[in-house]
Amino acid sequence: VTVDSHAPAMPTMPLPAANSVINTALPTITGNAEANSTVTVYEGTTPICTTKANASGHWACMSSIPLGSGTHTLSAITRDAAGNSSLPTFRTFVVDLVPPPVPIMTSPATDSVTGDNTPTLRGTGEPKDLITVTLAGQVMVTFVGVDRRCHVKHLHALADGVYTPTLTNQDMAGNLAG
């Protein structure tokens with residue numbers, strides 16, 4: 001007979017990363033715990049996944065309940081073979097399931113004519129989003145500032161002609177628009 005009246009150590013929960021922004025409603029949560037223990041992850045008092053740590057203590061489970069857009073705080077508790085439970089470990093992160101708005105090019109204006117064969121393209125978007133502009137085969141990237149503005153300069157001289165840039169927008173969570 002083995003007597004074990006000691007609670008296991010708190011599990012670790014490195015993923016999702018603290019204060020991160022993710023774009024999935026069913027995140028995979030990972031960590032380490034006492035070898036062969038059972039780990040249950042909760043949102044509030046609702047269990048969202050339960051798994052068993054392997055012999056090295058590694059564990060991973062995917063949320064069985066979709067998490068909506070917004071801030072979420074999860075807790076993980078380890079339970080050993082004797083039924084002793086650890087104190088919880090907490091993790092807060094943001095789920096962002098909403099694509100960003102399509103970026104808007106403000107300059108040069110659509111159908112405008114310019115004598116500048118290395119034009120600076122200006123536009124607007126959501127702060128901190130990554131804008132990718134493709135013009136005449138050149139891919140340029142820029143971040144949107146807190147003032148909602150962005151710009152990129154075409155580095156290679158364009159031959160005379162008509163050019164139509166394509167713009168895409170990627171937010172901090174990885175959602176795409178454009």
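The values are calculated or read from the model by the stated rules, or taken from the named source; none is laboratory data. As the structure is a prediction and not an experimental result, all values here were calculated from the model. Positions of Cβ are backbone-derived with ideal geometry, glycine not excepted, and every protein chain shown enters the neighbour counts. The accessibility values were calculated without ligands, DNA or RNA, using every heavy atom of the protein model including side chains. Shrake-Rupley method; radii C 1.70, N 1.55, O 1.52, S 1.80 Å.
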Tell me the carbon and sulfur percent of the accessible area for the chain, rounded to whole percent, probe radius 1.4 Å. 58
Kirkwood Rh and Cα-based Rg: tell me the resulting Rg over Rh for the chain, rounded to two decimals. 1.25
Pairs of alpha-carbon atoms within less than 8 angstrom and 6+ residues apart define the contacts here; what relative contact order does the chain have, in percent? 20
Candidates V94, V139, V39, ranked by Gaussian network fluctuation over the chain, Cα under 10 Å, top entry: V139
Cα centroid separation, region 1-57 to region 101-154 (Å): 44
Those cysteines in the chain that have no second cysteine Cβ within a distance under 4.7 Å are C150
Note to self: with every protein chain in place and a 1.4 Å probe, the chain gives an accessible area per residue in Å² of 57
